[in-house]
Each structure stands twice: as structure tokens, then as C-alpha cells.
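Step one of this worksheet: look at the structure below.
The values are calculated or read from the model by the stated rules, or taken from the named source; none is laboratory data. Just so we're clear, the structure is a prediction, and the values are computed from it rather than from any experiment. Note that each Cβ is placed from the backbone with ideal geometry, even for glycine, and that neighbours are counted across all protein chains shown.
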């Protein structure tokens with residue numbers, strides 16, 4: 001009886017399992033059918049849901065995985081698409097199409113050995129499969145296909161309306177190390193098997209193109225075009241080929257065909273960009289204007305037209321065009337950034353920066369936004385913050401040449417020629433023919449005193465850019481460093497002929513004339529420049545120094561007084577003016593004059609009281625000077641000179657260190673690029689026992705004033721307190737090398753002896 005019952009139970013369970021199995025099979029087919037219906041309606045997100053349900057019921061359902069991969073591919077989710085193609089190919093080793101799709105996905109991902117294995121699997125089932133042979137060739141050569149390269153171009157253009165036809169650096173045309181001979185054989189075999197195959201001809205053309213065998217590449221591109229003159233892919237390949245090989249006239253006709261054939265905005269935008277690049281304005285408008293009537297084309301076309309109108313001087317019309325974009329897409333990133341560019345050009349720097357900051361907050365991954373933020377910060381006089389913004393761009397788009405060059409320039413201005421040289425070198429690797437990169441490299445080498453390397457680079461730049469004032473100044477700096485004053489003067493003169501208001505060229509020319517004992521010529525140059533720019537602070541300071549050096553104190557005083565009128569926060573002007581009064585033994589006279597001015601209640605009072613404090617300090621009356629600086633801060637709590645000098649005084653006396661830190665930070669916020677301010681902040685940090693922060697500020701001060709021995713000495717002390725005797729020793733040695741008799745030289749020598757001992 002028990003055995004009969006057991007048999008009955010087993011039979012029932014088996015029947016139930018078979019019934020469940022049939023239900024599962026029916027259900028998974030139902031999910032696939034639902035997915036197919038969604039695909040037919042181009043509802044790919046819904047299709048993915050249905051196919052995933054089928055795969056969840058049967059993880060070995062290869063056909064469902066293949067369809068799931070196709071749906072992922074349609075939505076642009078290439079990572080999930082590749083994973084599902086590979087799984088489908090593993091589950092269906094006999095399916096040639098699955099092997100090819102998996103192989104091409106692996107190829108695009110740079111997984112060349114895996115792509116080759118899929119090609120072999122496909123060819124094992126169909127040895128004459130042209131797509132399989134092409135996949136094999138691409139895998140062995142280790143390169144992406146031409147279609148992928150062009151897709152990259154389109155994506156770049158769609159993401160940035162300012163992008164133009166800069167195809168030369170396309171990564172899709174760069175080959176990794178591979179078996180080129182075998183690859184060429186495979187591509188040729190594909191053409192032999194299918195001479196009328198457009199894709200086979202394109203694949204062979206792509207191979208020769210990547211090898212820079214341009215005649216062979218052109219021949220096969222033309223063969224592909226003969227097969228189908230209206231082929232979208234071949235026409236865009238032809239346009240790209242003639243652009244890269246610098247044959248723009250031939251490229252244009254294929255671009256036009258490409259734009260006419262395509263139903264998407266990308267090709268038309270490429271054509272419009274080409275026209276704008278060649279200043280064919282009406283032709284560009286003829287392409288862009290009809291696009292305004294389409295949903296997909298309105299925004300990118302409107303942005304291009306707005307940019308052109310702005311450059312052409314129709315500013316109001318350009319802003320109005322952006323407003324029309326915002327009505328449709330209030331948060332369109334490209335439009336927001338374009339508006340910020342307009343505002344920067346119009347001098348509305350604060351508004352531009354605020355606009356860019358909104359974009360960065362909304363999209364922290366936007367390299368374009370951070371780049372523009374860096375440009376805006378630089379324009380508003382915040383170089384350190386600009387450097388941080390450009391560094392974020394480098395994290396988001398490593399090796400981007402323009403960003404590298406911006407960083408090189410800013411860091412060179414900050415005084416770190418070694419870091420600037422490294423950045424310029426990286427930019428040159430990315431763009432070997434960039435003259436800007438070579439300019440910064442040469443300038444950095446010159447700053448580092450490496451004349452043997454700098455000279456050929458500078459002379460080469462002068463040869464290829466004879467009309468650049470900046471390059472001629474660099475030539476002058478080179479010859480001045482070589483003590484060839486004649487050639488240096490000639491170069492500065494050429495720079496001034498090209499750009500009469502070049503401050504750097506004028507400074508070089510004045511220094512050369514003074515060194516040649518030709519002061520009248522030097523002063524004549526200055527007078528001419530000041531007649532054109534009477535309120536230029538840099539020119540006035542240069543004039544003050546020059547007149548003082550040529551024994552014309554009255555003219556020097558006049559120039560320096562004018563600086564203080566133009567910029568009451570000019571530390572250099574107060575220092576030079578105080579030194580001038582001291583040299584003339586006129587400190588008492590000057591003190592009386594400025595003390596009378598200081599009693600006034602207008603804006604002159606701050607500058608006059610600051611000058612009184614400066615004179616009192618020179619007269620070695622620190623207590624009286626301190627009181628006057630405190631008076632300045634009572635009138636203007638953010639006066640940078642009073643804040644800096646008072647912070648230094650407090651730090652030196654070891655009193656009010658918390659107040660000193662606050663004052664030093666105020667001065668730093670107002671004068672971020674002035675060495676004495678960075679020095680003061682670092683010294684206050686040192687006195688408060690905040691050694692690591694002291695090191696950072698004093699390192700910055702040495703970059704801003706690399707030949708000031710006292711700053712190097714204080715940096716050495718900070719290194720010691722921070723536990724780095726090796727760097728401390730180098731700083732002390734540097735200070736003594738710059739000046740063996742500087743103010744703190746004896747202390748530096750004692751510190752060095754203690755380290756060595």
C-alpha cells in the first residue's frame with residue numbers, strides 16, 4: 001500500500017513540474033512577444049523591461065538576451081548592450097550574427113583579443129562572411145572603425161554648438177600596436193570576396209587612412225562611393241577625409257550631400273560650421289535658418305546664429321535669440337554658457353561668473369562649464385581660483401590641450417616655471433604643431449635659465465610667427481639674458497612696432513636703453529606711451545622707477561602720486577614713494593603734507609593716512625605708524641595695505657595674533673598675487689604655530705617673488721617647524737645664495753649650522 005502511494009505522489013509531482021515548465025516556457029515567449037511589439041513601436045525602454053522578464057525566467061535564453069542587447073543599443077546604453085551581446089553569443093555559439101555583434105562591441109571597447117575570438121567564431125561557421133573578415137582585420141590592427149570615429153565627431157558637435165571641424169585629433173583614427181600585415185590581408189580578402197560591398201571598401205579605406213597611406217585610402221573611398229553615390233556613411237567619410245588631408249574645397253561637396261541626405265541635424269550643423277569657419281556667412285545662414293522650423297534643429301541652429309550675430313555686432317539680437325531658446329528649454333546648458341560668453345565679452349564679468357556657477361552647480365560633470373568658470377575667474381582677478389577650475393577640467397577631460405595651456409600660463413605668472421614647462425610639454429604631445437604650447441615651453445625654459453634649450457625654440461617661433469608681438473618680446477628677453485643688448489633692443493622695437501601699447505615690450509626697451517646709457521630714449525618711449533594711456537598703473541610705476549633711476553625725482557614723485565590716485569591699494573607705489581622721500585631727506589616735509597591731506601573727510605583720507613603710516617615706519621616710529629594704520633582701517637576696514645602692514649606688525653610683536661590672521665586674510669583676498677601679502681599671511685600662520693599653512697603661503701610668496709631672500713628664509717623656518725629639515729636647508733641655502741648679506745642672513749647661517757650639526 002505504501003509503495004503504491006509513493007508512485008502516485010511521484011507521478012503527480014512530475015505532472016505538476018511539466019505543467020509548470022510549460023507555463024514558464026509560454027510566459028517567457030509571451031514576454032519576448034511583448035518586447036517585440038514595443039520595439040516595433042520604438043518604445044525601447046518598455047521592450048527592455050519585457051526582455052529582462054524573459055531572461056529572469058530563463059537565464060540561458062540566448063535569443064531573448066540578443067533582443068535585450070539590441071534594445072539597450074537603441075537607447076545608447078552600450079555597456080549593458082555589450083554585456084548582453086557577449087552572453088547571447090556564448091549561449092548561441094552557432095549564431096553568426098550574435099558573434100559579430102559581440103565582436104564589434106568588444107572592438108569598440110578596445111578589447112581586441114576578445115573581438116578577434118568572436119571574429120574567429122563567426123568565420124568558423126561562415127568562412128566568407130565579409131563582416132567577420134572586417135572584424136578580424138580591425139581586431140588584429142587594434143583600431144576602431146571609421147563609422148565610430150565619425151560618430152564621435154557628431155556627438156562632439158551636438159554637445160557643444162561652438163565646436164567646428166577639428167578632426168585632426170580624432171582618437172578613432174589612431175591605431176594601437178597590432179598585426180598590421182595580417183589586418184591588411186584580412187581587409188583585402190573582404191574586398192576580394194565582396195568587391196561591391198560598401199562596408200568592405202570602407203574598412204580597407206579606414207585601414208590605409210589610419211596608416212596615413214592617403215592615396216590608397218582615397219582610392220577605396222571612391223570605390224565605395226561608386227557603389228552608392230547617395231550613401232550617407234560614404235559621403236560623410238569622404239567629407240572627413242578631405243578635411244583631414246587639408247582639401248576643404250573637395251570636402252565641401254561631400255558635406256553638402258551628407259547634409260542633404262541626413263534626416264538628423266548633426267550633418268547640417270557640420271556644414272554650417274564649415275561655412276562659418278570659412279566666413280561664408282550667408283551660406284551658413286541658408287543651412288541654419290530652415291532648421292529653426294524643426295524640433296531637433298531649433299536650439300543648436302539658434303545658438304549658432306546667436307553666436308554669429310554677437311560677433312557681427314548685433315548684440316541685442318544675439319541676446320534675444322538666447323531668450324527664445326530659454327523659452328523652450330530654460331535650463332539648456334549650451335545656451336546658459338553662451339550667454340556667459342556674451343557677458344564676459346561685454347565686460348559683465350560678475351554676471352558671467354554667476355551664470356557659469358549656476359551651470360556648474362546643476363552639472364558638476366560639465367567640463368565646458370568649468371573651463372568657462374576658469375576664464376571668468378581669471379578675468380575677474382582670481383588666478384588661484386581659476387587654476388582650481390582648470391584643474392577640474394583636467395580631471396573631467398584629461399590632457400585637453402587648451403586647458404593645459406591656460407594652466408601653464410597661470411602657473412608661469414605665479415612663478416612656477418618648472419610646473420608650467422611640464423604642462424606646456426603635455427599640451428605639445430597632444431597637439432605637436434601648437435605654437436602656443438611651444439611659446440609657453442620656451443618661456444618656461446627661459447625663466448628656468450635653460451638658454452641652450454630655450455634659444456632654438458624661441459628662434460623657431462620667431463621664424464614662423466614674425467608678426468607676433470609676444471614672440472618678439474620673448475626674443476628680446478632671450479638676448480637680454482645673453483647680455484646681447486643690441487639684439488634685445490631690436491626685438492623689443494619690433495614688438496612695439498607690431499603692438500605699440502605692449503607693456504612688456506616697452507619695459508624691455510626701457511631697461512635696454514638704460515643699460516646702454518641712453519636714458520633720453522628710454523624716457524621718450526615712456527612719455528609716448530603715457531600720452532596714449534595716462535592712467536595705466538603699470539606704465540606709471542615704470543615711469544616712477546625710471547625717473548628715479550635717471551635722477552628726476554620730481555617727475556618720479558608725480559608719476560607715483562598718480563598711481564596712488566588711480567589705485568590707492570598699490571603697495572609698490574607707497575613703497576617707492578616712501579623710498580624716494582627717504583633718499584631726498586624729505587620724510588618730514590612729506591609727512592606734514594600727507595598729514596594735512598589725511599585730515600580731510602573725502603576718499604583722499606585713506607590714501608593720505610596710509611602714506612603717513614608708511615613714512616612713520618620709515619622714520620622708525622612703529623607705535624605711531626601702527627596707530628595710523630588702525631585709523632585707516634577705521635575708515636576702510638578692508639584697506640589691503642593697512643591690513644597687511646598691521647598684520648605684519650602684530651605678528652612681529654607676537655601680539656593680537658588672531659586679529660593679525662584676520663587682517664592678513666583680508667589683505668590676501670584683496671591682493672592675492674602680491675608677494676608681500678602672501679609672505680605676511682605665511683608669517684602669521686608661522687607665529688600661530690600653524691606650520692603646514694605657513695608653508696603653503698610662503699611657498700606661494702616665493703613663487704611670486706623668487707629672488708627675495710627674506711621670504712626664502714621664512715619659508716625655511718616654516719619647513720623646520722613642519723618637520724621637513726631637508727627642504728628647510730634648501731630654502732636657507734637659496735636665501736644666502738641670493739644675498740649673503742640680507743637682513744636675516746646671520747639667522748639663516750645659524751639655522752643651517754644647526755641642521756648640519
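What number of residues within region 549-560 satisfy the criterion of being surrounded by fewer than 21 Cβ atoms within 10 Å (Cβ to Cβ) and in contact with a helix residue (DSSP H, G or I) (Cβ under 7 Å, 6 or more places away or on another chain)? Walk me through it before giving the result.
First, pick out the residues of region 549-560 that are surrounded by fewer than 21 Cβ atoms within 10 Å (Cβ to Cβ): 549-555, 557-558.
Narrowing the set further to residues that are in contact with a helix residue (DSSP H, G or I) (Cβ under 7 Å, 6 or more places away or on another chain) leaves 549-550, 553, 555, 557.
Here the count works out to 5.
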message = Quick check on my filter: what residues within region 704-734 are in a helix (DSSP H, G or I), farther than 20 Å from residue 648 by Cα and within 35 Å of the chain's Cα centre (by Cα)?
response = 726, 727, 728, 730, 731, 734
inquiry  = Quick check on my filter: what residues within region 400-418 are over 24 Å from residue 361 (Cα atoms) and either in contact with a strand residue (DSSP E or B) (Cβ under 7 Å, 6 or more places away or on another chain) or buried (at least 17 other Cβ atoms within 10 Å of the Cβ) (or both)?
reply    = 401, 405, 408, 409, 410, 411, 412, 414, 415, 416, 417
message = Being out of contact with any helix residue (DSSP H, G or I) (no Cβ under 9 Å at 6 or more places or on another chain), assigned to a helix (DSSP H, G or I), surrounded by fewer than 15 Cβ atoms within 10 Å (Cβ to Cβ) and at pLDDT 90 or above: is that true of residue 354 here?
response = no
query = Which of the residues that make up region 73-86 are under 16 Å from residue 60 (Cβ atoms) and crowded, with 21+ Cβ neighbours inside 10 Å?
reply = 84, 85, 86
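Given the structure, is residue 190 surrounded by fewer than 16 Cβ atoms within 10 Å (Cβ to Cβ), assigned to a helix (DSSP H, G or I) and modelled with pLDDT of 60 or more?
Working: surrounded by fewer than 16 Cβ atoms within 10 Å (Cβ to Cβ): no; assigned to a helix (DSSP H, G or I): yes; modelled with pLDDT of 60 or more: yes.
In short, no.
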ask   = Which one of these does residue 385 not meet: (1) outside any helix (DSSP H, G or I); (2) at negative phi?
value = (1)
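Within region 457-470, is even one residue over 30 Å from residue 432 (Cβ atoms) and under 27 Å from the mean Cα position of the chain (by Cα)?
From region 457-470, those over 30 Å from residue 432 (Cβ atoms) are none; that's our starting set.
No, every residue in region 457-470 fails to be over 30 Å from residue 432 (Cβ atoms) and under 27 Å from the mean Cα position of the chain (by Cα).
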request  = Inspect all residues belonging to region 389-399 and state whether any of them is touching a helix residue (DSSP H, G or I) at 6+ places or on another chain (Cβ under 9 Å), crowded, with 22+ Cβ neighbours inside 10 Å, modelled with pLDDT of 90 or more and closer than 29 Å to residue 489 by Cα.
outcome  = no
remark   = Of the residues in region 286-301, those that are without any contact (Cβ under 8 Å) to a residue 24 or more places away in the chain, surrounded by fewer than 17 Cβ atoms within 10 Å (Cβ to Cβ) and either assigned to a helix (DSSP H, G or I) or in contact with a helix residue (DSSP H, G or I) (Cβ under 6 Å, 6 or more places away or on another chain) (or both) number 4
request  = May I ask you to list pairs of residues, at least six apart or on different chains, whose Cβ atoms are under 8 Å apart, with the first in region 719-730 being farther than 11 Å from residue 686 by Cα and the second being assigned to a loop (DSSP other than H, G, I, E, B) and at pLDDT below 90?
outcome  = none
query = Within region 266-283, how many residues turn out to be in contact (Cβ under 8 Å) with a residue 40 or more places away in the chain and more than 14 Å from residue 240 (Cβ to Cβ)?
reply = 3
Residue 34, sole failed condition from (1) over 46 Å from the mean Cα position of the chain (by Cα); (2) loosely packed, with under 15 Cβ neighbours inside 10 Å; (3) modelled with pLDDT of 85 or more; (4) in a helix (DSSP H, G or I) = (2)
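So which of 131, 87 is outside any loop (DSSP other than H, G, I, E, B), under 30 Å from residue 45 (Cβ atoms) and either at pLDDT below 80 or touching a strand residue (DSSP E or B) at 6+ places or on another chain (Cβ under 7 Å) (or both)? Steps first, answer last, please.
Working: 87 fails: either at pLDDT below 80 or touching a strand residue (DSSP E or B) at 6+ places or on another chain (Cβ under 7 Å) (or both).
Going through 131, 87 in turn, the sole match is 131.
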note = Just one listed residue, out of 124, 117, is in a helix (DSSP H, G or I), under 25 Å from residue 187 (Cβ atoms) and at pLDDT below 85, and it is 124
message = Can you tell me which condition residue 347 does not meet? The list is (1) surrounded by fewer than 14 Cβ atoms within 10 Å (Cβ to Cβ); (2) within 26 Å of residue 434 (Cα to Cα), and all the others hold.
response = (2)
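Give the residue that is surrounded by the fewest Cβ atoms within 10 Å (Cβ to Cβ), with candidates limited to residues of region 500-520 that are more than 22 Å from residue 576 (Cα to Cα) and modelled with pLDDT of 90 or more. Walk me through how you get there before you give the answer.
Within region 500-520, the subset more than 22 Å from residue 576 (Cα to Cα) is 500-502, 505, 516-518.
If we keep only those that are modelled with pLDDT of 90 or more too, we end up with 505, 516-518.
Values: 505: 25, 516: 14, 517: 7, 518: 13.
Here the answer is 517.
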message = Taking the criterion of being in contact (Cβ under 8 Å) with a residue 60 or more places away in the chain, under 19 Å from residue 303 (Cβ atoms) and crowded, with 19+ Cβ neighbours inside 10 Å, would at least one residue in region 250-262 satisfy it?
response = no
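With respect to residue 61, determine if the residue is out of contact with any strand residue (DSSP E or B) (no Cβ under 9 Å at 6 or more places or on another chain) and at pLDDT 90 or above.
Values: out of contact with any strand residue (DSSP E or B) (no Cβ under 9 Å at 6 or more places or on another chain): yes; at pLDDT 90 or above: no.
Taking the combined requirement at face value, the residue does not satisfy it.
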key: From the options 485, 461, residue that is touching a helix residue (DSSP H, G or I) at 6+ places or on another chain (Cβ under 8 Å), buried (at least 21 other Cβ atoms within 10 Å of the Cβ) and over 22 Å from residue 414 (Cβ atoms)   = 461
ask   = Going through region 566-577 one residue at a time, which ones are touching a residue at least 60 places away in the same chain (Cβ under 8 Å) and either in a helix (DSSP H, G or I) or surrounded by fewer than 15 Cβ atoms within 10 Å (Cβ to Cβ) (or both)?
value = 571, 574
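Given the residues 542, 591, 580, which is the only one that is within 43 Å of the chain's Cα centre (by Cα), in a helix (DSSP H, G or I) and surrounded by 18 or more Cβ atoms within 10 Å (Cβ to Cβ)?
Details: 591 fails: within 43 Å of the chain's Cα centre (by Cα); 580 fails: within 43 Å of the chain's Cα centre (by Cα).
Going through 542, 591, 580 in turn, the sole match is 542.
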